[in-house]
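K.L.:
Supplied in structure tokens, the structure appears directly below.
The values are calculated or read from the model by the stated rules, or taken from the named source; none is laboratory data. What you see is a predicted model, and the numbers here were worked out from it, not measured in a lab. Here the Cβ positions follow ideal geometry from the backbone for every residue, glycine too, while neighbour counts run over all protein chains shown. Just so you know, the surface numbers come from the protein's heavy atoms only, side chains and all, with ligands and any DNA or RNA stripped out. Shrake-Rupley method; radii C 1.70, N 1.55, O 1.52, S 1.80 Å.
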Amino acid sequence: MAQVGIVMGSDSDMPVMAKAADVLEELGISYEMKIISAHREPDVFFEYANTAEEREIKVIIAGAGMAAHLPGMCAAIFPMPVIGIPMHTTSLGGRDSLYSIVQMPSGIPVATVAINGGANAGLLAAKILSVSDGDLLKKLKDYSTAMKESVQAKDARLQEVGYRNY
Ligand code: RP5
């Protein structure tokens with residue numbers, strides 16, 4: 001049974017949504033992944049959002065671009081956390097997607113990550129699940145430690161070779 005529902009408005013969103021899936025896989029979190037357009041197939045979308053709770057999904061990660069209603073409409077229906085990923089767009093640089101997703105009216109929150117912020121969406125979903133999962137919390141702490149060590153290794157190399165040879 002999937003714990004996280006990843007849903008995107010179009011297959012053109014896949015490169016960004018894949019980063020969320022990569023993080024979930026790295027942390028051993030089960031997920032399902034769907035392409036569902038709230039605008040182009042509203043009936044399919046409503047079926048998805050209405051059945052997510054009974055399918056035991058705990059968090060939805062929804063990514064969309066332009067007039068990006070998919071995350072907000074998920075949040076309107078699904079009673080547990082929804083994380084929104086605004087897609088970069090060629091016309092407005094993703095500000096259209098960002099504003100559409102982040103500017104939710106009071107009462108229907110969407111936890112919005114950065115434009116194209118797929119990895120952080122995966123991490124945020126993991127952190128939400130870690131509230132009631134000690135093993136997952138340990139993996140997240142290890143993830144943070146590995147990140148710190150990676151920065152320290154870069155600095156150590158900089159000190160060793162100097163910026164011109166870095
Ligand atoms: C949105 O419209 C999708 O989420 C996508 O980001 C954007 C463009 O979709 P395509 O025209 O590439 O299918 O629904």
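K.L.:
Calculate, in nm to one decimal, what S144 and M14 gain on full extension: separation in residues at 0.36 nm each, minus their alpha carbon distance. The partial results should precede the final answer.
P.N.:
Working: separation 130, 0.36 × 130 = 46.80 nm, distance 2.57 nm.
That works out to 44.2 nm of additional length.
K.L.:
Of L129, A153, Y166, which is farthest towards the positive pole of the stretch 99-166's charge dipole, taken about the Cα centre with +1 and -1 on the beta-carbons of Lys, Arg and Asp, Glu respectively?
P.N.:
Highest projection toward the positive end goes to Y166.
K.L.:
Taking the highest mean first, how do the peptides 9-19, 143-153, 108-118 order by number of other beta carbon atoms within 10 angstrom per residue? Could the numbers behind the result be given before it?
P.N.:
Details: 9-19: 17.6, 143-153: 10.3, 108-118: 19.6.
Per-residue Cβ counts within 10 Å, averaged per peptide and sorted highest first, yield 108-118, 9-19, 143-153.
K.L.:
Same structure, new question: Can you compute the radius of gyration and Dmax for the chain, using only the Cα atoms, both in Å?
P.N.:
When restricted to Cα atoms, the chain yields Rg and Dmax of 17.6, 60 Å.
K.L.:
Right, something else. Take the eigenvalues of the Cα gyration tensor for the stretch 53-141, scale each by 5, and report the square roots as semi-axes in whole Å, largest first.
P.N.:
Working: eigenvalues 118, 50, 17 Å².
Working from the Cα gyration tensor, I get semi-axes of 24, 16, 9 Å.
K.L.:
Further question on the same structure: At 1.4 Å probe size, with the rest of the protein present, what percent of the exposed accessible area of the chain is carbon and sulfur atoms?
P.N.:
Details: 5060 of 9320 Å².
Answer for the chain is 54 percent, counting heavy atoms of protein chains only.
K.L.:
Please get the size of the charge dipole for the stretch 28-166, origin at its Cα centre, with Cβ charges of +1 on Lys and Arg and -1 on Asp and Glu, quoted in debye to the nearest 20.
P.N.:
Values: 13 positive and 14 negative charges, 123 e Å.
The calculated dipole for the stretch 28-166 is roughly 580 debye.
K.L.:
I would also like to ask the following. Size of the dipole of the stretch 98-166 about the Cα centre, Lys and Arg at +1 and Asp and Glu at -1 on the beta carbon, nothing else charged, in debye to 20? Don't skip to the answer; put the middle values down first.
P.N.:
Working: 8 positive and 6 negative charges, 26 e Å.
Value, rounded to 20: 120 debye.
K.L.:
Scaled to the compact-protein estimate 2.2 N^0.38 Å, what is the alpha-carbon radius of gyration of the stretch 37-88, rounded to two decimal places? Please list the in-between numbers first.
P.N.:
Details: Rg = 10.5 Å, N = 52, 2.2 N^0.38 = 9.9 Å.
For the stretch 37-88, the normalised Cα radius of gyration comes out at 1.06.
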